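Before any comments, here is the structure.
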Amino acid sequence: MSSSAGKDKFGSDVIVDAMKAMGFRYAPLNPGASIRGLHDSIVNYGGNENPKLVLCCHEEIAVAIASGYFRACGEPLAVLVHDIEGLLHSTKAVFDAYLEREAMVILGGNGPTDIEKRRPGIDWQHTALVPGLTVRNYTKWDDQPDGIVSTVEALFRAYRIATTDPAGPVYLSLDADLQEKKLEGDFKVPRFANYPSPTLGEGDLSSIEEAARLLVNAAHPTIIVDGYGRDESSVWNLVKLVEATGAAVIDTGQRFNFPSDHPQNLSGLTEEVLGKSDVVVALGVRDLYHALAKEAKGHFSRESKYMTSEGCKVIRIDTESVFNNSWVADYGRLTPTTMSIVASEPAAVAKLLEIVLRVGNKNASAINERKGRFAELSSAQRKKWHAAAEQQLDRSPITYPALAYTVWQKIKQLGLDWVLSYPGYTRGGINAWVRQLWSITKFYQYPGRGGGTGTGIGRAIGAALANRGRICIDFQPDGDLLYTASSLWTAGNLKLPLVIFVLDNRSYFNDEEHQRAIAEDRGRPVENKTIGIRIEDPNVDFSKMAESYGLHSAGHAVSDTRSLSEILGSVFESLKKENPTPFLIDVAVQPK
Ligand SMILES: Cc1ncc(C[n+]2csc(CCOP(=O)(O)OP(=O)(O)O)c2C)c(N)n1
Ligand SMILES: [Mg+2]
């Protein structure tokens, strides 16, 4: 679409100039009068390209799309929200983006602050004093600029802050009158390249050298990766470091940190590995206690204990230590460490690798022995997982291992170029099984898990948007989808090659487990655990739901792996067409 702006220029046209300068490709939104000036400028001045509007039926979805997009390609999107309602709707997803360290610039309307410019009634309800307060506790920054110079500067600053590690969402409140005002003369947006985001280095050299020394001399070194992976090269540098030091790797699955089938990936054996470790390097681990400790008496107990031994040396490398927020305690318990290095983790890994390769290794035979042992362990473990999945192929409803296995077989058979655009969020559920059974070896294949309830489908759409041309797969918990089911319309409208496997256990099952644990603990009837939790009577017909939003579906719930396997070929084939219609498969799954 080309510009149809006429000769006059308005405040929001300049905002679009700035957005183009910063390179925002999409702007997910739900429309509203407080952003009508900017909306017009994106469409009629900017030609609806860079950014292109992406219509969403709820602001929580718009923000979740920006989350998924950032994870997939490391670029932020601009999200447009109407003040005040739209901003309020967005909050849960903004909180998730904050927790997951995902950059985005959220633009909300406000005002006009000049009362003479307000329409009677409604504009007054769209005017808040510092609307950014709504999200201040879980954004990195917010501002309410006055005047066009301040607005452009605020936009540039917003981009820099959002994208600097630890990344996160920022919020800008844009006065409606400023957006709509005709410019007196022209205003040229400064060169954005003159305001590069700050770079974070490899950490102070003496600390990195000491960390390399500890790693090289360790008898049982382990590297834990959480929010580490940024791009392909960060992952392959880590692979080289791991191979050079003979370290075991524990990957939390938060991002694509490490190939899932690498012989030194011992993620399924966390407790055993950590128990033996004498040196642990934690890369990009936000909550170190969570990574090193476990619940003492089963997953639901409130007591916890370290999995590491007392003498284990722990080196943390991240930017989390300088990122402080007293509103949400996502940093976890203060955990003893031998060293705490503030650095860009990929840069630190590149430096560690350089030092390790230069110093060489006196313990080559010990390293080779370890690597051989790890290779045997991981191969045996992966074989066990495959065998366990194969044994469950006949079960109906379908189990998570069997589902992951069946989809993986078909992907391999068809040689698809695929992306796991959303792999569920639970550690022990489908997410664990895809990493245990699939060979995830390319950065783009795995934007990461997490995000909490309601944002899964939006994240899947965002990741698919960043991966046009690839088959995108969403393992979509049913309860999660029901929070934001209208996301399906956006997926259809965008014509994404996305297949959504609804994990239909007709339950907010995670909470059944909590109610079971409480009932058991209190000696109360365990069978009551489903009350207030099962999504039954009536059952949701996800196929009909998908079709009503314009998506294709299997027409009914699929409850056995043979039927699933039979339809997958044509589903994937249909997604290879240009501008495909996304496909939803309602999979009747065992609760867990
Ligand atoms: C907005 C919100 N409300 C409630 C919860 C509590 N909660 C955590 S997991 C969960 C169950 C999610 O159900 P589903 O997505 O179907 O996954 P399942 O546990 O069945 O695999 C709930 C309700 C939450 N995390 N977020
Ligand atoms: Mg469920």
Task: Every residue from the stretch 475-492 that is surrounded by fewer than 22 Cβ atoms within 10 Å (Cβ to Cβ), away from ligand 1 (no atom under 15 Å from the Cβ) and small (Gly, Ala, Ser) - done: SER486, GLY492
- [ ] Scan (1) within 16 Å of ligand 1 (Cβ to nearest atom); (2) touching a helix residue (DSSP H, G or I) at 6+ places or on another chain (Cβ under 7 Å); (3) under 21 Å from LEU403 (Cα atoms); (4) of a type outside the set (Ser, Thr, Tyr) for the single condition ALA557 breaks and write down its number.
- [x] (2)
Open item on the list: Yes or no: the stretch 247-262 includes at least one residue that is in contact (Cβ under 8 Å) with a residue 12 or more places away in the chain and in a helix (DSSP H, G or I).
Closed with: no
Task: All strands (runs of 3 or more DSSP E) inside the stretch 267-341 with 2 or more residues being buried (at least 18 other Cβ atoms within 10 Å of the Cβ) and over 23 Å from the mean Cα position of the chain (by Cα) - done: 279-283, 313-318
- [ ] Say whether the condition of being closer than 26 Å to GLU59 by Cβ and more than 14 Å from ligand 2 (Cβ to nearest atom) is met by at least one residue in the stretch 477-484.
- [x] yes
- [ ] Pick out the one residue from LYS529, LYS442 that is of a type outside the set (Val, Ile, Thr), within 16 Å of ligand 2 (Cβ to nearest atom) and either closer than 23 Å to GLU102 by Cβ or surrounded by 19 or more Cβ atoms within 10 Å (Cβ to Cβ) (or both).
- [x] LYS529
Task: Among the residues listed as LEU107, LEU178, LEU174, the single one being part of a helix (DSSP H, G or I) and at pLDDT 95 or above - done: LEU178
Open item on the list: Within the stretch 501-551, take every residue that is in a loop (DSSP other than H, G, I, E, B) and among the small types (Gly, Ala, Ser) and give me the one that is farthest from PHE475 (Cα to Cα).
Closed with: GLY523
Open item on the list: For GLY469, only one of the following conditions fails: (1) within 16 Å of ligand 1 (Cβ to nearest atom); (2) modelled with pLDDT under 95. What is its number?
Closed with: (1)
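Rundown of residues vs (1) in contact with a helix residue (DSSP H, G or I) (Cβ under 9 Å, 6 or more places away or on another chain); (2) assigned by TED's automatic domain parsing to the domain that holds PHE156; (3) surrounded by fewer than 24 Cβ atoms within 10 Å (Cβ to Cβ), yes/no style:
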residue: PHE70; (1), (2), (3): yes, yes, no
residue: LEU87; (1), (2), (3): yes, yes, no
residue: GLU102; (1), (2), (3): yes, yes, no
residue: ASN110; (1), (2), (3): yes, yes, no
residue: GLY121; (1), (2), (3): no, yes, yes
residue: THR127; (1), (2), (3): yes, yes, yes
residue: ASN137; (1), (2), (3): yes, yes, yes
Open item on the list: Just the residues that are under 21 Å from PRO166 (Cβ atoms) and out of contact with any Asp or Glu (no Cβ under 8 Å at 6 or more places or on another chain), please, taken from the stretch 254-295.
Closed with: PHE256, VAL280, VAL281, LEU288, TYR289, HIS290, LEU292
- [ ] Being touching a Pro at 6+ places or on another chain (Cβ under 8 Å) and small (Gly, Ala, Ser) narrows it down to one of GLY451, GLY415, GLY456, so name that one.
- [x] GLY456
Open item on the list: Please go through the stretch 496-519 and give me each residue that is over 22 Å from VAL63 (Cβ atoms) and more than 16 Å from ligand 1 (Cβ to nearest atom), ordered by number.
Closed with: PRO497, VAL499, ALA519
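The values are calculated or read from the model by the stated rules, or taken from the named source; none is laboratory data. The structure displayed is predicted, hence computed values, not measured ones. Note that we place each Cβ from the backbone using ideal geometry, even for glycine, and neighbour counts take in every protein chain shown.
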